[in-house]
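Here's the structure, in structure tokens; my notes come after.
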Amino acid sequence: QVQLVESGGGLVQAGGSLRLSCAASGRLLNWYSLGWFRQVPGKERAFVGGIGWGDGSRYYVDAVKGRFTISRDNAKNTMYLQMNSLKPEDTAVYYCAVRRDTAASSPSLYDSWGKGTQVTVSS
């Protein structure tokens, strides 16, 4: 079972940047995908974007396109989320998850989750 640990969250002013990391222990196979999700209190966990571990294909929701970039370092078994031009509405707990298939937007399709990291964007 792959275990995931997120890091890099924090408090940043609107317009600023943060880079989140998702470190995986266990083997990530080429057909796996990893996803970033975020959740605010009282709302469901929402897909932010994902990446194919083997081919690096990337997917984003419209709300973050052009501001967020997902990347991976296969040698380090780590995925990243570079977040630029942050807005107060990006405030959430950010989670990474792994799926033993291509990336998908539904949280229920993912097999393992990290515990999350808090991102707070002040106005």
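The values are calculated or read from the model by the stated rules, or taken from the named source; none is laboratory data. Predicted model only: the values in this text are computed from it and were never measured. Here the Cβ is made from the backbone with ideal geometry for all residues, glycine too, and neighbour counts use every protein chain on show. When the accessible area is computed, the model is the full protein with side chains, heavy atoms only, and any ligands, DNA or RNA have been set aside. Shrake-Rupley method; radii C 1.70, N 1.55, O 1.52, S 1.80 Å.
If you go through the stretch 41-62 and keep only what is loosely packed, with under 13 Cβ neighbours inside 10 Å and either modelled with pLDDT under 95 or not charged (D, E, K, R) (or both), you end up with Pro41, Gly42, Asp55, Gly56, Ser57. When the stretch 72-99 is filtered for residues that are under 26 Å from Leu29 (Cα atoms), among the hydroxyl-bearing types (Ser, Thr, Tyr) and surrounded by fewer than 21 Cβ atoms within 10 Å (Cβ to Cβ), the ones remaining, listed by number, are Thr78, Tyr80.
Among all positions in the stretch 29-39, there is no residue which is touching a residue at least 24 places away in the same chain (Cβ under 8 Å), open to solvent by 40 Å² or more (accessible area, probe 1.4 Å) and small (Gly, Ala, Ser).
Say we look at the stretch 65-104 and pick out the residues that are among the β-branched types (Val, Ile, Thr) and at pLDDT 95 or above; which of these is farthest from Trp53 (Cα to Cα)?
As a first pass, look at the stretch 65-104 and keep what is among the β-branched types (Val, Ile, Thr): 69-70, 78, 91, 93, 98, 102.
This time we only want the ones that are at pLDDT 95 or above, so: 69-70, 78, 91, 93, 98.
Values: Thr69: 15, Ile70: 11, Thr78: 10, Thr91: 27, Val93: 23, Val98: 10 Å.
Among residues in the stretch 65-104 that are among the β-branched types (Val, Ile, Thr) and at pLDDT 95 or above, the one farthest from Trp53 (Cα to Cα) is Thr91.
The set of residues in the stretch 65-81 being within 14 Å of Ala103 (Cβ to Cβ) and of a type in the set (A, V, I, L, M, F, W, C) consists of Ile70, Met79, Leu81. For Ser71, the test of being touching a strand residue (DSSP E or B) at 6+ places or on another chain (Cβ under 7 Å) and of a type outside the set (A, V, I, L, M) is passed.
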